[in-house]
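J.: Let me begin by handing over the structure; questions about it come next.
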Amino acid sequence: MNKSFIIYLILTILLLPAGWFIIQKLSENSATFQIQKIKINGIPVEVELADTLEKRVRGLSGRADLSENRGMLFIYDTPGFYEIWMKDMEFPVDIIWIDKNGKIIDITKNVKPESFPKTFTSSGPAKYILEVNAGFSDKNNLKVGDLVIVL
């Protein structure tokens, strides 16, 4: 066999997994978030659903802003004490912790990007976490015990 052919074959074998990994990462980043409408205290909110591990990890990272009455709803399989951080965030958010029955159990207000690497968690087990623009909770008089309704 030709020496250059063997080198080419070895390089192909070594680079193939790297190429596959890059394609996988690009397809994950192009995944779109499904939109759902919810209502809190009579206020309609359009939320993007973060319902997979990849979407929950990415969250709102890297975005310049979030439109008014928009948010991201993180959905978990079971209630628990999930942590939120502000890695690669560019704007502050209110974090609304919601139990399995759709009741707000905690609100963490005005969490700033510079708080990273600090993590935030709820005072009780949450099944859903809603991130909205900072100030949304106060503007709409949200409080522990309010219900989040899926439309």
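The values are calculated or read from the model by the stated rules, or taken from the named source; none is laboratory data. Source: prediction; values computed, not measured. Here Cβ is always computed from backbone atoms with ideal geometry, including for glycine, and neighbour counts include all displayed protein chains. Quick note on the areas: whole protein, heavy atoms, side chains included, nothing else; ligands and nucleic acids left out. Shrake-Rupley method; radii C 1.70, N 1.55, O 1.52, S 1.80 Å.
J.: Looking only at region 16-28, decide whether some residue is at pLDDT below 95 and acidic (Asp, Glu).
T.: Yes, region 16-28 contains at least one residue that is at pLDDT below 95 and acidic (Asp, Glu).
J.: Could you please find all residues in region 66-81 being part of a loop (DSSP other than H, G, I, E, B) and either at positive phi or among the hydrophobic types (A, V, I, L, M, F, W, C) (or both)?
T.: Hits for region 66-81 are LEU66, ASN69, PHE81.
J.: Take the residues in region 42-74 that are within 20 Å of ILE107 (Cβ to Cβ) and without any contact (Cβ under 8 Å) to a residue 24 or more places away in the chain, then tell me which one is farthest from the chain's Cα centre (by Cα).
T.: Going through the qualifying residues, I end up with GLY42.
J.: Filter region 122-151 for residues that are part of a helix (DSSP H, G or I) and either open to solvent by 30 Å² or more (accessible area, probe 1.4 Å) or not small (Gly, Ala, Ser) (or both); which is nearest to GLU46 (Cα to Cα)?
T.: Result: PHE136.
J.: Considering only region 51-73, I want to know if a residue exists there that is surrounded by fewer than 16 Cβ atoms within 10 Å (Cβ to Cβ), among the acidic types (Asp, Glu) and at pLDDT 95 or above.
T.: No, every residue in region 51-73 fails to be surrounded by fewer than 16 Cβ atoms within 10 Å (Cβ to Cβ), among the acidic types (Asp, Glu) and at pLDDT 95 or above.
J.: Still on this structure, I have one more. Tell me, please, whether a residue that is over 18 Å from the mean Cα position of the chain (by Cα) and at pLDDT 90 or above can be found in region 29-41.
T.: yes
J.: I'd like the residue in region 92-121 that is open to solvent by less than 10 Å² (accessible area, probe 1.4 Å) and within 16 Å of the chain's Cα centre (by Cα) and, out of all such residues, is nearest to ARG63 (Cα to Cα).
T.: Among them, the one singled out is VAL93.
J.: Based on what the data block shows, is PHE33 surrounded by 14 or more Cβ atoms within 10 Å (Cβ to Cβ) and in a loop (DSSP other than H, G, I, E, B)?
T.: Yes; evaluated as a whole, the condition is true for this residue.
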